[in-house]
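Input: a single structure, listed below in structure tokens.
The values are calculated or read from the model by the stated rules, or taken from the named source; none is laboratory data. This one's a predicted model, so the numbers in the text were calculated from it and none came from an experiment. Methodologically, a virtual Cβ is constructed for each residue, glycine included, from the backbone with ideal geometry; neighbour enumeration extends over all protein chains shown.
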Amino acid sequence: MIDPFLNNGFMQRALFAGILVSLTCAVVGTYVVLRGMAFIGDALAHGVLPGVAMATILGLPTMLGAAVGAVVMIGGVGLITARSKLSNDTAIGLLFIGLLALGVVLVSSSDSLTGDLEAILFGQFLGVDATDLLVQTIALLAVCAISLYSARPFLLLCFDIDLVRTMGYKAQWYHRLMLLMIAATVVVSFQTVGSLLVFGMLLAPAGVGALLARRIGSMMLWAAGTGVLSTYFGLLASYHFSWAAGASVVLTAVAIFFLTLVFVSVRKSLTSASA
Amino acid sequence: MTNTAVVARRLAVGYGGRAVLSGIDAYLKAGGSTALVGSNGSGKSTLLKTLAGLLPPVSGALEIMGGAVTEMSHKVAYLSQFHPNGFVLPLCAVDVVRMARYDQRGRWARRSQTDDAIVAESMDMMKISNLGDIPLRDLSGGQQQRVYLAQVLARRAGLLLLDEPTAGLDAPGRAAYTEAMVFERERGAAIVTATHDVAEASTCDRVLLVAGRIVADGPPAIVMTPENLLETFGIGLTKVGDHLVVTEHHHDH
């Protein structure tokens, strides 16, 4: 159970990276789930692809490319909804599919990139280095700092956007800050779990928290615990069965979500029957 | 507390520069209660949102609690008609009421004893003290409405803007609401409610009948005449006790 982590440096780094991703996604994913922002989260996760591809072609840091992709996505959604009567989800959908298609075109047009596509989409969990860990640690600290600073307006945003405004907070400003936080989480996590799977780490652990918690703080704790457990057992399964590491971790998180859903449903049925 | 809660001159309210209700001249004093009565789409909720600072006025002048709307948010409590996340959020009832005190203290300041006392008193007024630790999503619609009303009370605001405040409330809930509004008015707060409830409107000092414009404005006994109600709702209505009775269909107003 613990030998793979004791005897292999790459497994230790992967575990550490996974824990950092889990903690970051627990905080950010809580807001994604509560505000119903899963679609923009998914779109951001896919939208970074052309940025990463372009950065690789130009020899620039991939994280910079991912950040540009995320900014284009957020800015584009704002622009489309401001200039047209189209709904937010139509704008997100158009940019999502457009940026994804652009990414695939860029990757397919470059022989050197074709092999990297899997790494971009599914990450390199077992290949993280000290720099990745440092960046992920900084991201976690930044996310925690922003969440603490904005705890009240963020909670009000989840509850009722009108209440944010009538309380004198700048609702749009905090909404954008939340989007930025989601984008930053996707950008720094994609190298570890990949741009597709980071979305799973945003949703599944926070979903478990939403099922079990009675308060937002405890929802984040449940999400963090689920993420860390998923990382541990996912990496273990990956090691023993030679499964893809990132996918194993996310699959574990999703499995825990469905087990929790069954548990909560059964508990509710039993409570109703005894009442 | 200022003696004037709302001053509106030639106010027009609406969306995207298009007025849905215009010609509003109003002077609402502290401790007074006003009911906005009108059919769906008449502009009641739009007017409330404008008073709350959620929408900019289309034209005209508006002053709230002696200042600009945007500067007086801490003196205003607003109850919206819809709370879509009530059945989703992992929040206990008491947490929802506590939100009302967020802007009354510094960003990093913890809840004071005064905050806790006001929250407890507000929940007691709405008779939900026993529901404090129950998740909001586990409460019925009527119980949730009481929680939202307790949140409004906990603001201790000078101006209460309530959109359909009695929607979903049972008889004890309505009684608690009526008592709470008496308390608020005695405290000096001005209350503006948008309602379809004639009984509720009749308890107010003043009624504004709205139908894209102000049809009538004054004490309920004088304003709620069959002629005015016909003009407001497009059908003949007569107030019988606490109810409106349809007397004639008429759509050409």
Next item on the list: Could you tell me whether any residue of the stretch B:80-90 is under 23 Å from A:L156 (Cα atoms), in a strand (DSSP E or B) and in contact (Cβ under 8 Å) with a residue 24 or more places away in the chain?
Entry: no
Notebook entry, point to check: Which of the following residues is under 16 Å from the mean Cα position of the chain (by Cα) and farther than 18 Å from A:L133 by Cβ: A:L236, A:L177?
Noted result: A:L177
Next item on the list: Take the residues in the stretch B:168-196 that are surrounded by fewer than 19 Cβ atoms within 10 Å (Cβ to Cβ) and touching a strand residue (DSSP E or B) at 6+ places or on another chain (Cβ under 9 Å), then tell me which one is farthest from B:L89 (Cα to Cα).
Entry: B:R185
Margin query: Quick check on my filter: what residues within the stretch B:15-67 are of a type in the set (S, T, Y) and outside any loop (DSSP other than H, G, I, E, B)?
Written below: B:Y15, B:S22, B:Y27, B:S33, B:T34, B:S45, B:T46, B:T50, B:S59
Next item on the list: Can you give me the ranges of the helices (runs of 4 or more DSSP H) entirely in the stretch A:150-244 with at least 1 residues that are modelled with pLDDT of 95 or more and away from chain B (no Cβ under 14 Å)?
Entry: A:197-212, A:216-241
Next item on the list: Among what's in the stretch B:68-79 and is facing chain A (nearest Cβ under 10 Å) and not in a helix (DSSP H, G or I), pick the residue that is farthest from A:G168 (Cα to Cα).
Entry: B:L79
Note to self: Return the pair list, or none, for Cβ contacts closer than 7 Å from residues in the stretch B:47-76 that are hydroxyl-bearing (S, T, Y) to residues that are assigned to a loop (DSSP other than H, G, I, E, B), at least 6 apart or on different chains.
What the structure shows: B:T50/B:P57; B:T70/B:G53; B:S73/A:M167; B:S73/A:G168; B:S73/B:G53
Item checked: Options A:A66, A:A45, A:A82; residue that is assigned to a helix (DSSP H, G or I) and more than 24 Å from A:V250 (Cβ to Cβ) -> A:A82
